[in-house]
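These notes concern the structure reproduced below.
The values are calculated or read from the model by the stated rules, or taken from the named source; none is laboratory data. Since this is a predicted model, take the numbers as computed values, not measurements. Note that each Cβ is placed from the backbone with ideal geometry, even for glycine, and that neighbours are counted across all protein chains shown.
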Amino acid sequence: MLFNANVLHDESPDASDDLLIFSCGVEQLKVDGLPLNILTTRAQPAVMPSGEFYDEICQLFDQMWAHVNSKRLFSAEIGDNLLSVLLLLCRNIWIENKQEQESNNTLLGQRIKDYIDNHYKEDIALSSITAALNMNQFYLAHVFKDYSGYSPKQYQTRRRIGEAQNLLLSTNLGVTEVANAVGYDNVNNASCIFNLVGIPPAL
């Protein structure tokens, strides 16, 4: 999964015996033709199948972890270079599969997401999205569910929660101010929703 800088997101993996998770944050990343700290275009889905490169990607993460933790001479530099290899490999995988990923439904899903991202503080009805994008309601809901895994309303709620979590953790705003900032007029309703994701607003 690849997320650009300043993109709010969450992950809900299903636990299994073969689940392996590595997480890596990158700063001062510059890719030709893209802004600073941006690795992918807006049209690219966050989930990128590794395919035949799965083993190689796992080995790169293993090597980075081993070198960075070793504290040996040049271990940090080796880790940085391994990270560069990993990023180039990811770019290569995406470019090779770009045509398949940029299907009409993917681009449409991104348009719906952009609309909700720009209006998440408002009371968005499905009819208002369909009117703005000139689409059939059933088709819009189906496309967006396939694209994001959520209904438009569920995504709006999670978008609000993400923004609220960020404000709760990074500012001194009170619960009521945070709730209002992300579009909730009733702080009690907002508190119930925040608790669903495990961060009580009292924190």
List every residue pair whose Cβ atoms lie under 8 Å apart, where the two residues are 6 or more positions apart in sequence or sit on different chains, the first residue falls within segment 106-119 and is within 14 Å of T157 (Cα to Cα), and the second residue, located anywhere, is outside any helix (DSSP H, G or I). I116/I124
Search segment 13-69 for residues being over 15 Å from the mean Cα position of the chain (by Cα), of a type in the set (G, A, S) and in a loop (DSSP other than H, G, I, E, B), and hand back the single one that is nearest to L2 (Cα to Cα). S50
Going by what's in this entry, would S128 be described as modelled with pLDDT under 85, among the small types (G, A, S) and under 30 Å from T41 (Cβ atoms)? no
Condition first: free of Cβ contacts under 8 Å to residues at least 24 places away in the same chain and not in a helix (DSSP H, G or I). Can you find one or more residues in segment 137-148 that meet it? no
Out of curiosity, is V85 surrounded by 13 or more Cβ atoms within 10 Å (Cβ to Cβ), hydrophobic (A, V, I, L, M, F, W, C) and at pLDDT 85 or above? yes
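Tell me which residues, restricted to segment 46-81, are at positive phi and either outside the structural domain of L20 (by TED's automatic domain parsing) or not hydrophobic (A, V, I, L, M, F, W, C) (or both).
Taking segment 46-81 as the starting set, the residues that turn out to be at positive phi are 51, 71, 74.
G51, K71, listed by residue number.
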Can you work out which of the residues in segment 110-161 that are of a type in the set (S, T, Y) and more than 21 Å from the chain's Cα centre (by Cα) is nearest to E177 (Cα to Cα)? S128
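Tell me the residue from Q154, Q137, Q63 that is over 26 Å from L20 (Cβ atoms), surrounded by 13 or more Cβ atoms within 10 Å (Cβ to Cβ) and touching a Leu at 6+ places or on another chain (Cβ under 6 Å), please. Steps first, please.
Details: Q154 fails: touching a Leu at 6+ places or on another chain (Cβ under 6 Å); Q63 fails: over 26 Å from L20 (Cβ atoms).
Exactly one of Q154, Q137, Q63 is over 26 Å from L20 (Cβ atoms), surrounded by 13 or more Cβ atoms within 10 Å (Cβ to Cβ) and touching a Leu at 6+ places or on another chain (Cβ under 6 Å), namely Q137.
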When you go through D123, D185 one by one, which is the residue that is at pLDDT below 85 and surrounded by fewer than 16 Cβ atoms within 10 Å (Cβ to Cβ)? D185
